[in-house]
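Here is the structure we will look at, set down as C-alpha cells.
The values are calculated or read from the model by the stated rules, or taken from the named source; none is laboratory data. Just so you know, these numbers come straight off a predicted model, no measurement behind them. Here Cβ is always computed from backbone atoms with ideal geometry, including for glycine, and neighbour counts include all displayed protein chains.
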C-alpha cells in the first residue's frame, strides 16, 4: 500500500509556495554519488517523493510505490535554471526536486521543496542531511538508509499532541490551495561583508537590542517612505516565530511540515522615526506576544481554515523571517562550500517579505515582492533605501561601503 495522508489547512495554505536552499561550491561533485545521496534521502524521508492528489474536495499526499526522485542536471548556467523549475512547479507532479548546475571548477546544489512539506527549519535539515550522505558515499562509507514508513505529522496533529484535543478549535472550512497560488517573486538581495556584519551586531548590542529587531526597524522605515499614508501611520511587522522549541515536548525539524507562528507587531512609523527605537518597540511587542503564547494561538487559528491572501499593494506591512545563523555544512571530499543562498520563487500575499540569515559571518537579506504588484523600480528603491539605512547605522559613508544590493544572487557557472 502506498503511503498517503490528507493535508491539513496549514499545509493547504502553504502549497504552491516553492523555494530552493542552495549551496555554491568549488571543486568537483561526483554526479553519480550525489544522485545516490538524494535517492537515500528520499528513502529515509518518503514525503520528498510525494505528490499531491485531489480526491473529491480533499487534497492528499501520496507516495508512488515506484519511480525515481526528481533530479535535474545542467552543465552551465545558474539562476535561469532555478527560475525555470519554479515556473513549472506542480505539486501534483512533485513536491521536491534536486537541481545540480555543474561547471568546470564550481557549481550549485539546489534543493527545491514545496512549503506544504517543509518550512525553513525543515528545508535546512534536509539539505544538511543530503550533503552528509553525499560525503559518506564519496568517502567510501555506505550510509545506512532505513526506509521511512510514515509521512511527517500534520501541523494540526502536532499541535493536538501538545495542547490536547479540547484546546483545538473546530475546522470551519477546508482551505482551497487555489486561493493561495500567489505570483512569481520579484527578488532583491542585500549582503553585508563580515566586517559590516560584526559592526551591525555591535550596534545592536550597544543599543541593548538584537540584529533582527534593528533590521525590522530599518525595513519598516524604508517602506514608510514609499507608503502614501497621511500621518499618523500605524505599520505592522509580521514576525515569523519558530515554535518547535517553544512547546513541550519539543518538535524536531522533520517531525512535521510547518510549525511557524506569526506574531504581528503594530507600531507608529514616520519618515524620520529612529529605526533603533522602532526596532526596540517591535522586539518588546514580540517578547510580550511570545510570553502570552500568541504565536501558538495564531497557528491554532489557521488550522480552522482561512480566507485567501489580500490583493493590492501593502506597504504598511512587512513580513520578516529570521533563519538565524546557518551552521557550516558537512565537510565533503574534493568540494569546498563557499556560499549558502535562498531562492524564493513565489509569494502569496500582497505583503513585502524579507528573509534574514547569516552564513560564514556574512548577513544576507532576501527581499521579495509580488511581481504583479510592485514595479522593478520600486523594489530597487526599497532595497537601496534599506541598504543605505544600514550603512548609516554603521557610520559608513560613501557608496563603496554601502552593503551590496543585487537583483540576482545565484551567479552563472560554466
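Meeting the requirement of 3 or more residues that are outside the structural domain of residue 303 (by TED's automatic domain parsing) and closer than 18 Å to residue 155 by Cβ, no strands (runs of 3 or more DSSP E) wholly within the range 171-269 can be named. Scanning the range 61-79 for residues that are within 23 Å of the chain's Cα centre (by Cα) and closer than 18 Å to residue 116 by Cα turns up 61, 69, 70. Checking residue 375 against (1) free of Cβ contacts under 8 Å to residues at least 24 places away in the same chain; (2) under 24 Å from residue 113 (Cα atoms): exactly one of these is not met. Which one? Evaluating residue 375 over (1) free of Cβ contacts under 8 Å to residues at least 24 places away in the same chain; (2) under 24 Å from residue 113 (Cα atoms) leaves (2) as the failure.
Among the conditions (1) in contact (Cβ under 8 Å) with a residue 40 or more places away in the chain; (2) surrounded by fewer than 22 Cβ atoms within 10 Å (Cβ to Cβ); (3) within 25 Å of residue 9 (Cβ to Cβ), the only one that residue 273 does not satisfy is (3).
Per the conditions (1) buried (at least 18 other Cβ atoms within 10 Å of the Cβ); (2) under 17 Å from residue 179 (Cα atoms); (3) out of contact with any helix residue (DSSP H, G or I) (no Cβ under 7 Å at 6 or more places or on another chain), the sole criterion not satisfied by residue 50 is (2).
Condition first: modelled with pLDDT under 95, part of a strand (DSSP E or B) and within 18 Å of residue 19 (Cβ to Cβ). Can you find one or more residues in the range 401-410 that meet it? For the range 401-410, residues modelled with pLDDT under 95, part of a strand (DSSP E or B) and within 18 Å of residue 19 (Cβ to Cβ): present. Summed over the range 324-340, the residues that are in contact with a helix residue (DSSP H, G or I) (Cβ under 6 Å, 6 or more places away or on another chain) and either assigned to a loop (DSSP other than H, G, I, E, B) or over 25 Å from residue 412 (Cβ atoms) (or both) give a count of 3.
Evaluation of residue 123 against the conditions (1) at pLDDT below 95; (2) within 23 Å of residue 369 (Cα to Cα) shows that the sole unmet condition is (1).
Whenever a residue of the range 126-142 is farther than 14 Å from residue 335 by Cβ, its partners that are in a helix (DSSP H, G or I), lying with C-beta atoms within less than 8 angstrom and at least six residues away or across chains, give the pairs 126/41; 126/48; 129/41; 129/44; 142/136. Among all positions in the range 148-159, there is no residue which is without any contact (Cβ under 8 Å) to a residue 60 or more places away in the chain, farther than 18 Å from residue 16 by Cβ and in a loop (DSSP other than H, G, I, E, B). Residues in the range 62-79 that are more than 18 Å from residue 41 (Cα to Cα) and surrounded by 14 or more Cβ atoms within 10 Å (Cβ to Cβ): 74, 76, 77, 78, 79. Checked against the criterion of being in contact (Cβ under 8 Å) with a residue 40 or more places away in the chain, in contact with a strand residue (DSSP E or B) (Cβ under 9 Å, 6 or more places away or on another chain), surrounded by fewer than 20 Cβ atoms within 10 Å (Cβ to Cβ) and not in a loop (DSSP other than H, G, I, E, B), the range 387-394 contains not a single residue that satisfies it.
Within the range 157-168, the set of residues being surrounded by 10 or more Cβ atoms within 10 Å (Cβ to Cβ) and either more than 22 Å from the chain's Cα centre (by Cα) or outside the structural domain of residue 40 (by TED's automatic domain parsing) (or both) comprises 157, 160, 161, 162, 163, 167, 168.
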